[in-house]
Each structure stands twice: as C-alpha cells, then as structure tokens.
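Everything below concerns the one structure shown next.
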Amino acid sequence: FQPGLLQGKRVLITAGPTFEAIDAVRGIINLSSGKMGYALAQAALEAGAEVTLISGPVCLTSPVVKKFIPITSANDMFTAVKNEVAFNDIFISVAAVADYRPAIAHTQKIKKSDNTMVLELVPNPDILQYVASLPTPPFCVGFAAETEDIDQNAENKRRKKKLPLLVANLAQEAMGANDSTLILFDDKGKHTLPKAPKIDQARRLIEHIATIYKQHPN
Ligand code: PMT
C-alpha cells in the first residue's frame with residue numbers, strides 16, 4: 001500500500017492471549033499465537049504510524065514499535081490499555097482476552113488429589129467495550145474469532161460494542177495459523193479478504209482502516 005497512509009497517527013494494538021492464573025504453576029489461556037496482532041503492528045509501522053503494542057505471552061519477536069508492553073492477565077492488559085488509550089488515534093483489539101478468570105489465584109501450587117475439583121470463574125473486564133464507550137474514544141477496530149454463524153455473531157458484537165469496524169475470522173482456521181480469511185463488517189456492509197498470509201491480510205486491513213478512519217475519525 002501507499003507508504004505514509006497513517007503518517008503521524010498513533011495506533012494502539014492488543015495482541016496474543018491473556019493468561020489467568022489458577023495457582024503458582026497452572027492457568028487458563030486462549031489459543032492465540034499473536035501472529036495476527038504482530039502482523040498488524042508491522043503493517044501499521046509500514047504505513048507510517050507510531051505503534052504501541054500491548055501483548056500477552058507469545059513466542060514471537062515484536063516489530064520495532066514505539067512502545068512494547070508485555071502483560072500476562074486480562075486485568076494487566078486492561079490497566080495498560082487505560083494508561084495508553086488517551087495518547088492514541090486508533091485502537092485495534094486483536095487480543096484473545098480470556099472472558100473469565102479463576103475467582104482465587106492460589107499463590108502456592110495446589111496439591112493433587114483423587115477428588116473432583118470445581119473451579120469458580122469470575123468475568124474479566126471487557127477492554128474493547130470500555131474503550132469504545134469512552135466520551136472521546138479512538139477509532140475502534142474489534143476482532144471476533146467465531147466457530148459458527150460468523151455473520152450474525154460478528155454483526156451482534158459490532159452493534160453491542162458500537163464499533164465502526166469489526167473483523168471476523170474462523171477460530172479453527174485462524175488461531176495459531178500463518179494464513180487466515182478475514183471478513184470485515186462496517187457501516188457499508190460486509191467485505192471478505194480471501195485466505196492469505198497474515199502479513200498480507202494486515203496490510204489490506206490497515207488500508208481499509210485508513211480509508212474509513214479518514215471518513216469518520218471517531
Ligand atoms: O494470534 P493468532 O494465532 O494469529 O490468532 C488471531 C486471532 C484469531 C486470535 C484474532 O484474529 C482474533 O480473532 N482475535 C479476537 C479473538 C476473540 O474471539 O475475541 P472475542 O470475540 O472474545 O472478543 C471480541 C472483541 O472484544 C475482540 O476485539 C477482543 O480483543 C475484545 N475483548 C474481548 C473480551 C474482553 N474481555 N476484552 C476485550 O477487549
């Protein structure tokens with residue numbers, strides 16, 4: 001795409017999974033490798049943006065962004081986003097944030113026994129919903145990994161979170177993979193980016209974001 005497409009714009013991206021501790025050695029994690037979020041950070045840099053990347057635990061090397069913030073849990077990610085959001089024009093929420101965390105994170109390792117165990121979970125904050133509801137939010141782009149009924153689930157999420165753009169993908173195809181198919185939902189309808197390497201999808205998506213952002217910055 002045109003270099004300089006996002007020149008002077010500040011882009012905040014969340015990527016990867018969040019890890020929710022059960023005890024000192026165990027936890028709950030989503031199946032996100034961080035590849036899509038890191039590809040978007042790379043594409044935003046190529047477009048001339050100043051990028052802040054907030055990332056859950058992944059095995060990838062970050063592109064050379066302005067600020068890289070490693071986090072572990074959804075609450076850590078929420079704190080980091082709240083600290084950074086006011087300095088950004090565009091927020092792209094690619095992270096697979098755990099919707100729940102264990103009610104108690106034991107500091108010691110829980111001893112194994114033959115008994116059945118019940119794990120109590122409490123809801124995590126919805127980071128994207130918080131950002132999109134701010135009095136002057138950045139331009140918000142959400143992602144949705146669905147296993148079925150992509151169109152309906154994605155449009156519902158877009159409306160519920162009042163997002164100008166939501167990017168849907170099939171969880172079983174996209175999570176951890178090098179390639180993905182992206183389906184974009186915005187005010188003009190639905191637009192599919194056929195299966196391709198994530199870096200190519202990221203460049204196409206950044207181009208799409210830049211176009212809509214220019215039309216309505218918020
Ligand atoms: O990392 P990869 O292996 O490359 O895989 C990429 C991906 C499949 C993880 C990515 O493309 C993707 O789809 N990310 C969103 C995962 C998802 O299912 O999100 P969700 O439907 O739970 O949430 C919808 C949106 O709200 C997302 O933008 C999410 O970042 C955000 N959210 C969700 C829950 C929460 N507590 N806080 C949030 O901000």
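Some observations on this one:
- For GLY4, the conditions (1) modelled with pLDDT under 95; (2) over 19 Å from ILE199 (Cα atoms) are fulfilled apart from (2).
- Within segment 5-45, the set of residues being more than 13 Å from the ligand (Cβ to nearest atom) and closer than 18 Å to GLN201 by Cα comprises LEU5, LEU6, VAL11, ALA43, ALA44, LEU45.
- The sole residue among ALA168, ALA202, ALA196 that is closer than 16 Å to TYR38 by Cα, under 15 Å from the mean Cα position of the chain (by Cα) and small (Gly, Ala, Ser) is ALA202.
- Segment 175-203: number of residues that are more than 14 Å from the ligand (Cβ to nearest atom) and either touching a residue at least 12 places away in the same chain (Cβ under 8 Å) or of a type in the set (Asp, Glu) (or both): 6
- The strands (runs of 3 or more DSSP E) falling completely within segment 69-139 that include 1 or more residues that are touching a Lys or Arg at 6+ places or on another chain (Cβ under 7 Å) and without any contact (Cβ under 8 Å) to a residue 60 or more places away in the chain map to 121-123.
- Odd one out for ASP151 among (1) under 25 Å from ASN83 (Cβ atoms); (2) touching a residue at least 24 places away in the same chain (Cβ under 8 Å): (1)
- Output for segment 79-103, where each listed residue is buried (at least 21 other Cβ atoms within 10 Å of the Cβ), within 13 Å of the ligand (Cβ to nearest atom) and of a type outside the set (A, V, I, L, M): PHE91, SER93, ARG101
- Qualifying residues in segment 150-175 (those that are out of contact with any Leu (no Cβ under 6 Å at 6 or more places or on another chain), assigned to a loop (DSSP other than H, G, I, E, B) and at pLDDT 95 or above) - the one farthest from ARG203 (Cα to Cα): LEU163
- Any hit, segment 106-121, residues being under 21 Å from VAL58 (Cβ atoms), surrounded by 11 or more Cβ atoms within 10 Å (Cβ to Cβ) and either more than 13 Å from the ligand (Cβ to nearest atom) or under 16 Å from the mean Cα position of the chain (by Cα) (or both): no
The values are calculated or read from the model by the stated rules, or taken from the named source; none is laboratory data. What you see is a predicted model; the values in this text were computed from it and never measured. Reconstructed Cβ throughout: ideal geometry from the backbone, glycine too, with neighbour counts over all protein chains shown.
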